[in-house]
Amino acid sequence: MPAPPSRSVDVTLVSEWNDGHPRPFQDSLVGEEPLEIRVGGEPLSVTMRTPGNDFELAAGFLYTEGLIQLREQILSLGAAETGVEPGSRGNVVEAQLDPEISLQLERTRRNFFSSSSCGICGKASIDAVRLRTLQAPNADFRVSAATLYSLPDILRGSQAIFGRTGGLHAAALFSASGEMTVAREDVGRHNAVDKAIGWALLENRVPLRDSILLVSGRGGFEIIQKAIVAGIPMVASVSAPSSLAVRLARELRLTLVGFLRDRRFVVYAGEDRILPVG
C-alpha cells in the first residue's frame, strides 16, 4: 500500500514588522500533526510529527523501542482504513507483526506516549534501558576528524523543509568516508532519528555497524538509546549532549561527539574511534 500523502509544510499569511513598519507576506510553517501507530488493530502510541516518511517512523519506533528485533517481524505496514475519523485519514499507521511477538498493549501504551519535545515522556527511562539487552557497538569503527568536520554542511544542504520553515530537526546516517546514506526531517528530534533508522530497517541495513548518526539538535538520552539499539557506533550533534546521554554512551562504549561545527567538536565518550588529521 502506498504511503499517505505528506503535509510537511503549510503556508499562511502573516505580518512582519521591521523598524516599526508592518508588511504582509506568505510564510511557510513546518507541519505538525499527530500520528497514531496501531499494532494488530490496537492503538499503541501517538506521536506529534511532521507528516512524511510515516511508515519509516513507525518501523523505526517499533525497532528502537524494543518491540521488534528483526525486519522480518514486521509483516506489513499500511495506512489504516477502518476505525479512522475522516479528519484523521493519513494520520494512522497500522502494523501487523509476527504473531509470536507478545505485546502487553496496556502497559506499552502507558510507556510509549510521546510528543515532539520528548521521545520518552512518562517512561521510566533508566529501568527501561536496563531491562533490555543492549550490546556495545562496533569497536573497530574509525572515522577521521576531517570527515566529521564535513558532515554538518552536507546535512544542512539536504534539509529542504528546514530551508523553507527554519523550524524542525534533522537526522542523517553517514558512512565512515562521509557519504550520506539517508537524511530525514521532523518537528521531533527523536522522530527524525526513528525515520532514518526505520528507513535502514526496511532496507535491511540494520544493524548499522559502520554508520555515523548526525543530529541537528542536542544529543539527548533517547537519541543515544535508539542509536545503540540500531548498532550505531558513533553519534554526533551540533549542540550539547545531556549528562544521562554521556553516561549511557560511556557505559555502552559508543562514541559521542557534541558541538560539531566550524572545524571544532567535543568528544564525550569513545574518543578512540576518531583519527586525528595529518
Mind listing the phi-derived Karplus ³J(HN,Hα) values for the stretch 204-209, rounded to whole Hz, using 6.51, -1.76 and 1.60 with θ = phi - 60°, and x for any glycine or proline? 6, 9, 8, x, 8, 5
By counting other Cβ atoms within 10 Å of each Cβ, how are 190, 169, 21 ranked from fewest to most? 21, 169, 190
Sites matching GluC sites (Glu not before Pro) across the stretch 179-278 that sit in DSSP coil, with at most 16 neighbouring C-beta atoms within 10 Å: 179, 203
Provide 98, 210, 19 in ascending order of the number of other Cβ atoms located within 10 Å of each residue's Cβ, fewest first. 19, 98, 210
Have a look at the DSSP beta bridges in the stretch 143-275 and tell me what percent are antiparallel, nearest 5. 60
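None of the figures in this text is laboratory data; all of them are computed from the coordinates on show. Values in this document were obtained by computation on a predicted structure and should not be read as measured data. Heads up, the Cβs are rebuilt from the backbone with ideal geometry, glycines too, and the neighbour counts pull from every protein chain shown.
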